[in-house]
Amino acid sequence: MPGLDDLPTVTLLMPCLNEAKTVGHCVAIGLQALHELGIAGEVLVADNGSADGSTLLAEQAGARVSHVAPRGYGAALRAGIAAARGEFIVMGDCDLSYDFSAASLKPYIDALHDGADLVMGNRFKGGIAAGAMPMLHRLGTPVMTWIVNRMFGTAIGDIHCGLRAFRKQAVLRLGLQSDGMEFASEIFIRAVLAKLVIREVPTTLSPDRRGRKPHLRIFRDSARHTWMWMQLYAGEKTRG
């Protein structure tokens, strides 16, 4: 077991479920970014039951793999956060839709060093490549972001950006519970309610290269997001 002095400063956390075509590339890009930035760190792949050899490819590329039995995006990320060795965590999908290069990660890590607890990416400011986001998402994400801003008095620009960074200990204190895609909403809203310091940085979105259907189910997952908002909103009103 490593000693405390050996623990990395930054963990690049990638949830994974059957990403054999892309996970090795993402791990390699992330490790190169940490090297270029001069940061002690690790890439941690939180594997959610892949059956296509993703875990072996991730390990061969230099990642540490954490095997997560409970299924779901949120379940994988919550387990990954608990297993991360870094003080700072940067999370993002390992399908090459998000950029793990040094130039992309630096603004996130700089914001954490500057005092932020949670750093949200904004794809609408950073740039969305052709074919990277379905039209329904282009229309729906701003609407859902507007609703969350109205409900919780925030001014975020992109509630569902999957590339984010945060202080591990600050997020562990939030008591996150979601197993599904609604985790993306929960981590932000609970951070707001806990009065954490939140920053936003532009980020880019590229077409994924996973070669399979996405795990996201638009109507089911939108409903789960909305239910999460209502629960947290009602709880805050009750406390208030």
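Would you please give the residues with an amide H less than 5 Å from that of residue 203, counting only those at least 5 places away or on a separate chain, with H modeled from the backbone geometry?
122, 123, 125, 126, 127
Using the Kyte-Doolittle scale, which helices in the chain average at least -1.0 and also have C-alpha atoms spread 30 Å or more along the helix axis, with helices defined as whole DSSP H runs? Please report the intermediate quantities before stating the final value.
On the way: long enough: 218-239 (32 Å, -0.83).
Helices meeting the span and hydropathy rule in the chain are 218-239.
In Å², what does the accessible area per residue of the chain work out to with a 1.4 Å probe? Don't skip to the end; give the middle numbers.
Working: 11260 Å² over 240 residues.
With all protein chains present, the chain gives 47 Å² per residue.
Using Stokes-Einstein with the Kirkwood hydrodynamic radius over Cα pairs, what translational diffusion coefficient do you get for the chain at 20 °C and a viscosity of 1.002 mPa s, in µm²/s rounded to a whole number? Show your work: numbers first, answer last.
Details: Rh = 17.9 Å.
So the translational diffusion coefficient is about 119 µm²/s.
At a 1.4 Å probe, what is the % contribution of carbon and sulfur to the accessible area of the stretch 20-157? Each step should come with its number before you reach the end.
Details: 3290 of 5880 Å².
With neighbouring chains kept in place, the figure for the stretch 20-157 is 56 percent.
For the stretch 1-122, what is the convex hull (Cα atoms) projected area averaged across all directions, in square nanometres? Working shown, then result.
Values: hull surface 29.9 nm².
Computed as one quarter of the Cα hull surface, the answer is 7.5 nm².
If you look for lysine pairs in the chain that are eight or more places apart or on different chains, how many of them have Cα atoms under 28 Å apart?
11
Go ahead and estimate [θ] at 222 nm for the chain from helices alone: -39,500 (n - 2.57) per DSSP H run with n ≥ 4, summed, over the residue count, rounded to 500. Before the final figure, lay out each step's value.
On the way: 9 runs with 106 residues, N = 240.
One gets -13500 deg cm²/dmol as the mean residue ellipticity at 222 nm.
Report, in whole Å, the centroid distance computed from the Cα atoms of the stretch 21-44 and the stretch 70-84.
Rounded to whole Å, the Cα centres lie 19 Å apart.
Roughly how many nanometres apart are two label points built 7 Å out from the Cα toward the Cβ at residue 36 and residue 170?
So the two model labels end up 2.5 nm from each other.
Could I have the simple spin-label model distance between residue 52 and residue 129, label points 7 Å from Cα toward Cβ, reported in nm to one decimal?
Calculated label separation equals 1.8 nm.
Assign one of three labels to the stretch 29-84, namely rounded, prolate or oblate, based on the Cα gyration tensor with a ≥ b ≥ c the square roots of its eigenvalues; rounded applies when a/c is under 1.5, prolate when it is not and a/b is larger than b/c, and oblate otherwise.
Note, shape of the stretch 29-84 comes out oblate.
Compute the Cα gyration tensor for the stretch 62-203, then decide on rounded, prolate or oblate, letting a ≥ b ≥ c be the square roots of its eigenvalues: rounded whenever a/c is under 1.5, prolate when a/b is larger than b/c in the other cases, and oblate in all that remain.
Details: a/c = 1.27, a/b = 1.16, b/c = 1.09.
It is rounded, given that a/c, with a ≥ b ≥ c, falls under 1.5.
Tell me whether the stretch 56-122 comes out rounded, prolate or oblate; compute the Cα gyration tensor, take square roots of the eigenvalues as a ≥ b ≥ c, and use a/c under 1.5 as the rounded threshold.
It is prolate, given that a/c is not under 1.5 and a/b is the larger ratio.
Which are the unpartnered cysteines of the chain, meaning those with no other cysteine Cβ under 4.7 Å from their Cβ?
16, 161, each lacking another Cys Cβ under 4.7 Å.
Between residue 143 and residue 197, take the C-beta separation as r, use R0 = 30 Å, and let me know the FRET efficiency to the nearest 0.05.
Details: r = 27 Å, r/R0 = 0.89.
Efficiency at R0 = 30 Å is approximately 0.65.
Considering the zone a paramagnetic label at residue 101 would reach in this model (a point 7 Å from Cα along the Cα-to-Cβ line), which residues of the stretch 12-34 have amide N under 17 Å from it?
Of the residues in the stretch 12-34, 25-34 have backbone N under 17 Å from the label point off residue 101.
The values are calculated or read from the model by the stated rules, or taken from the named source; none is laboratory data. A quick note: this is a predicted structure, and the numbers were derived from the prediction, not measured. So basically every Cβ, Gly included, is an ideal-geometry build from the backbone, and we count neighbours across all protein chains shown. We work out accessible area using only protein heavy atoms, side chains counted, and drop any ligands, DNA or RNA first. Shrake-Rupley method; radii C 1.70, N 1.55, O 1.52, S 1.80 Å.
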